[in-house]
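Working notes, beginning with the structure itself.
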Amino acid sequence: MCVDGICGKHTSFKQLFFSKFIEHHINVINNVESRFKPYLYIDPFGGPGHISCKDGYDGPVSSVRVGQLMIQYNMNYNIVVAEKNLTSAEKLKDALGQYCSNFTIKSDAMETIPSHDNYRFGMMYLDPPMTKDSFSLVEELMVQTSLMMPRLDLLLYIGANWIKRFRGNSNVEFSTFLEDFTNKVNKEFWVIKQQVGGNQYTFLAGTNYKGWAEWGKEYFYSTDDIRGKKIMFRLNYSEPERLFITTGMVQKGF
Ligand SMILES: C[S@@+](CC[C@H](N)C(=O)[O-])C[C@H]1O[C@@H](n2cnc3c(N)ncnc32)[C@H](O)[C@@H]1O
């Protein structure tokens, strides 16, 4: 079953990288002092539990994968998900229930912003639909969460070209740049992944703890590193914007 808006050309890329990365993160957090536990995983855009997509991916959605890993690593945890589609929310509840009991399902992404806690570790994973309204929601979620829980890391999956497309459409009021997330959200350190496909799908992660994130073998670089800077420049600006910034020239037709 391919659910509308869930499967895309790069779903396999997304799910496989997410799975590797979250396992890496869980391992790092598992090794820190026990007073920081249990691990908190927040997923404001939950999805339907299990997906089977044309690009070959057939498996659990992100939060269910996390539930499986929590059992595998024998971790103390809490999972908080939101899913606004009722049918998907029911499926998600059933799928999560097969692996774990410490989970809560909300009906709207904004309800997942955590209460203030200086000590809790974990991850908020944002995998929104590629719409203008979702991007504004994502910004709000990231800004608020970074203030409420400074030790909770953030991982965003986004098609950078969608941001540029909305920005370039004169009928749409939209002035966001990918880099705005790193500027507006209160995290000291950011990593960005080499993009895939024409819509420039990428992962962007923010943390206040430098120890875990950079991961060169997976093409996941600090935005302070020359490789990360290059990726961010390419994904932040459209081709005409890049031409203007580097040469001062304006491309015909723009
Ligand atoms: C791209 S899918 C998430 C897929 C999931 N992370 C996975 O691993 O397959 C986005 C989901 O967010 C849900 N959604 C969209 N806006 C939402 C909102 N405001 N609150 C909660 N869920 C929302 C959609 O119904 C959809 O199921």
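General remarks:
- Average Cα contact separation per residue, the chain, under 8 Å, 6 or more apart, as relative contact order %: 15 percent
- Exceeding the 26 Å Cα-Cα cut-off - candidates 93/217; 91/184; 37/106; 184/217: 93/217; 91/184; 184/217
- Peptide ranges 78-87, 19-28 listed from the most packed, as the mean C-beta count within 10 angstrom indicates: 78-87, 19-28
- Taking all pairs of distinct alpha-carbon atoms in the chain, Kirkwood radius in angstrom: 18.8 Å
- Shape summary of segment 135-175, radius of gyration then Dmax from alpha carbon positions: 12.9, 39 Å.
- Burial ranking of peptide ranges 46-58, 94-106 (average Cβ count within 10 Å, highest at the top): 46-58, 94-106
- Between residue 32 and residue 117, the FRET efficiency from the beta-carbon distance, with R0 = 22 Å, is close to 0.90.
Rule-based calculations on the coordinates, nothing more; no lab input. Keep in mind that this is a model prediction, so the values were computed, not measured. Cβ: placed from backbone, ideal geometry, glycine included. Neighbour counts: every protein chain shown.
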